[in-house]
Amino acid sequence: MTALLRYQGALLLRSQRWLAPLITYAAFVAAGIRPGDPALDALGFAAAGLVPVTAWLVRICVTGESDAARDCTAAAAGPVRVHTAALLTALAGALLAGSAAAAAALLIGDRAGAGTGGAALAGALAVAACALTGAAVGALCSRPLVRRRGYAVLAGTLGSLAAWLLAPSPAHGAVSALVSAAHSGTAPLPLLPLAGALLLAAGAGTAAALAAARRG
């Protein structure tokens with residue numbers, strides 16, 4: 001799996017297709033976070049932006065190879081492992097971007113009441129929950145489950161909106177916990193949303209990987 005992760009990472013970096021989602025995310029964070037904002041509020045905003053960005057990165061990673069190259073890789077390592085490596089590569093990229101945004105939010109935000117350590121931990125949990133939720137959206141709305149590009153983009157957009165707005169969504173729960181706590185000044189620990197996001201991402205990733213084994 002380590003070799004596959006390196007291979008997928010190299011494909012992603014060489015393609016430069018990661019630039020569009022990360023520049024979009026940077027613009028989103030820069031537009032929404034201002035110096036002096038409550039740190040927890042800023043962290044929630046930064047985490048929320050990861051949902052569509054991660055879904056976008058997932059689509060980039062699972063479509064990074066030509067059909068012929070993917071067939072060769074799948075024959076050598078197995079389609080389930082190849083697809084799983086693509087999903088994990090996208091998730092890793094999103095987590096790196098989210099970590100950088102969270103660090104910026106902590107640096108320029110007002111940490112009064114919550115404390116640096118508590119705010120950092122809460123932000124890290126929210127970033128992970130939102131990235132995992134976005135990975136689940138991307139896995140369900142990309143190849144091999146949704147092959148046509150237009151349908152995949154539409155499904156990913158609607159899925160990201162649902163993850164933002166619907167109360168049962170782990171991303172919604174994590175962000176809401178941070179935003180609500182920003183007014184009380186106490187740092188929450190969104191462990192339940194994180195657990196839900198882990199289960200959601202694992203289920204969606206498994207379904208997509210098994211579908212890749214059947215359909216290619």
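Which of Asp110, Asp67, Asp41 moves the most in a Gaussian network model of the chain with Cα springs under 10 Å? Among Asp110, Asp67, Asp41, the largest mean-square fluctuation in the Gaussian network model of the chain belongs to Asp67.
Taking the Cα centre of the chain as origin and assigning +1 to Lys and Arg Cβ atoms and -1 to Asp and Glu Cβ atoms, the resulting dipole is close to 720 debye. Using R0 = 35 Å, the C-beta based FRET efficiency linking Leu154 and Leu121 works out to 0.45. Candidates [x] 55, 32, 31; [y] 63, 34, 31; [z] 68, 35, 30; which is the computed Cα extents along the principal axes in Å? It is the one labelled [x]. Helices of the chain meeting both criteria, an alpha-carbon length of 27 angstrom or more along the long axis and an average Kyte-Doolittle score not below -1.0, with helices taken as full DSSP H segments, are 79-108, 116-140, 191-215. Within the listed set Thr54, Thr73, Thr206, the Gaussian network model of the chain (springs between alpha-carbon atoms below 10 Å) gives the highest mean-square fluctuation for Thr73. Each of the peptides 188-197, 171-180, 28-37, 126-135 was scored by the mean count of other Cβ atoms within 10 Å over its residues; in descending order, highest first, they stand as 126-135, 171-180, 188-197, 28-37. Largest mean-square fluctuation among Ser99, Ser15, Ser184, in a Gaussian network model of the chain whose springs join Cα atoms under 10 Å apart, belongs to Ser184.
Since every read-out is calculated from the coordinates, none of them should be taken as a lab result. What you are looking at is a predicted structure, and each value in this text was computed from that prediction instead of being measured. Ideal geometry is used to build each Cβ from the backbone, glycine not excepted, and the neighbour counts take in all protein chains shown.
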